[in-house]
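Step one of this worksheet: look at the structure below.
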Amino acid sequence: MKIHHIAIICSDYAVSKAFYTEILDLNIIREVYREERQSYKLDLAIGDHYVIELFSFPNPPQRPSRPEACGLRHLAFSVENVSEKRNELMEKGLNCEEIRIDEFTGKEFFFTRDPDQLPLEFYEM
């Protein structure tokens, strides 16, 4: 078994689409507007690997609390060079936390947030 994709509901489709495609450089596989639901569905990939469904819906509820609400805690992306990725994202205007070291693996990682404040982790391969 393996994970097929992760679904994210955003509050502002245009802002989130730009974030995931222009800031994080994910590739668009398919974009569909579903009139009956007043909803966009954007399928995104890292390279050719399908990873995220980005949805928009009218008036979605806010995330209940941070960071320890039940449900999805954060998304984590593997990167070869944590420092380079952090610098790249900061140059694109993101506020990134300081780089930390995983006490169990010794690997570097840091967090930032998407436009809806979903925590995103970038973790050393």
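What follows is calculated from the coordinates using simple rules that are stated; it is not laboratory data. Just so you know, these numbers come straight off a predicted model, no measurement behind them. A quick note on method: Cβ atoms are made from the backbone with ideal geometry, for glycine too, and the neighbour counts reach across all protein chains shown.
Within the chain, what is the longest stretch that has no GluC sites (Glu not before Pro) placed in a DSSP loop and near at most 12 other beta-carbon atoms within 10 Å? Kindly include the intermediate steps, with their values, before the conclusion.
On the way: sites that count: Glu68, Glu80, Glu98, Glu103.
Result for the longest clean stretch: 1-67.
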- Which residue fluctuates the most in the chain, going by a Gaussian network model with Cα springs under 10 Å, if the choices are Ser78, Ser11, Ser56? Ser78
- Task: Would you look at the GNM of the chain, springs on alpha carbons closer than 10 Å, and say which of Lys107, Lys41, Lys85 moves the most?
- Result: Lys107
- Neighbour-count order for Ile99, Ile6, fewest beta carbons within 10 angstrom listed first: Ile6, Ile99
- Order of Leu120, Leu94, Leu72, Leu44 - criterion: other Cβ atoms within 10 Å of each residue's Cβ, fewest first: Leu72, Leu94, Leu120, Leu44
- Query: Under a no-solvent Debye model with one identical scatterer per Cα of the chain, what's log10 I(q)/I(0) at q = 0.10, 0.17 Å⁻¹?
  - Reply: -0.33, -0.97
- Query: If one takes the longest principal axis of the Cα atoms in the chain, at what angle in degrees, from 0 to 90 and to the nearest 10, does the Cα axis of helix 82-91 lie?
  - Reply: 50
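Hey, what number do you get for the chain at 222 nm if only DSSP H runs of n ≥ 4 count, each worth -39500 (n - 2.57), divided across all residues, to the nearest 500? Don't skip to the answer; put the middle values down first.
Details: 2 runs with 16 residues, N = 125.
Only helices count here, giving -3500 deg cm²/dmol.
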- Message: Treating the stretch 1-59 as a set of equal point scatterers at the Cα positions, no solvent, please give the Debye-formula log₁₀ I(q)/I(0) at q = 0.12 Å⁻¹.
- Response: -0.27
